[in-house]
Amino acid sequence: MNISDNYLFRGVGSVIGFERVVGPKVIGSTPDEARIAAALPDGHRVFAELSRLLGTQTYFTGESLSLADVMIAAQMDMLAGTAEWEILTAGRANLASWMTRMNARPSLQATQWDKVAAMATY
């Protein structure tokens with residue numbers, strides 16, 4: 001979970017996710033390609049470590065869903081909607097497969113961007 005908070009979110013999700021998803025959808029900003037490019041090396045490091053930790057397991061702690069999976073899935077789901085997802089998961093098929101399993105869960109489906117945006121009132 002510390003990897004999710006300190007590495008996946010900070011510097012990767014908070015940059016790529018904001019620049020590609022949140023900024024354009026919420027405030028109408030244009031992605032800052034230089035910030036995104038600068039975040040990619042950290043993205044590769046954290047994705048490599050998450051791929052290593054996941055290995056051949058179904059979930060990060062084994063065969064049962066854990067809080068770590070839920071925390072990581074929230075960040076990865078946003079990143080999966082970006083062009084950088086293909087770059088960061090290249091050679092890390094276990095992460096892409098894990099994300100597919102996570103996206104099949106009703107709880108994750110209920111909290112994806114379009115569902116949450118539909119509930120928002122302005």
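Things worth noting here:
- Length-normalised contact order for the chain - Cα pairs under 8 Å, 6+ apart - percent: 28
- Sequence of V15, V22 once ranked by neighbouring C-beta atoms within 10 Å, starting from the fewest: V22, V15
- Calculated FRET value between R35 and E86, using beta carbons and R₀ = 25 Å, to 0.05: 0.85
- For P(r) over Cα pairs in 10 Å bins from 0, in percent, the value computed from the atomic coordinates appears in the list [x] 13, 46, 33, 8, 0; [y] 13, 48, 35, 5; [z] 14, 42, 35, 9 under label [x].
- In plain terms, the residue of I27, I36, I72, I87 with the fewest other Cβ atoms within 10 Å comes first and the most crowded comes last, giving I27, I87, I36, I72.
- By other beta-carbon atoms within 10 Å, ranking D114, D69, D42 with the fewest at the front produces D114, D42, D69.
Quick note: the coordinates plus some simple rules give every number you see, no bench work behind them. Because the structure is predicted, anything quoted here is derived from the model rather than measured. Virtual Cβ from ideal backbone geometry, glycine too; neighbours counted across all protein chains shown.
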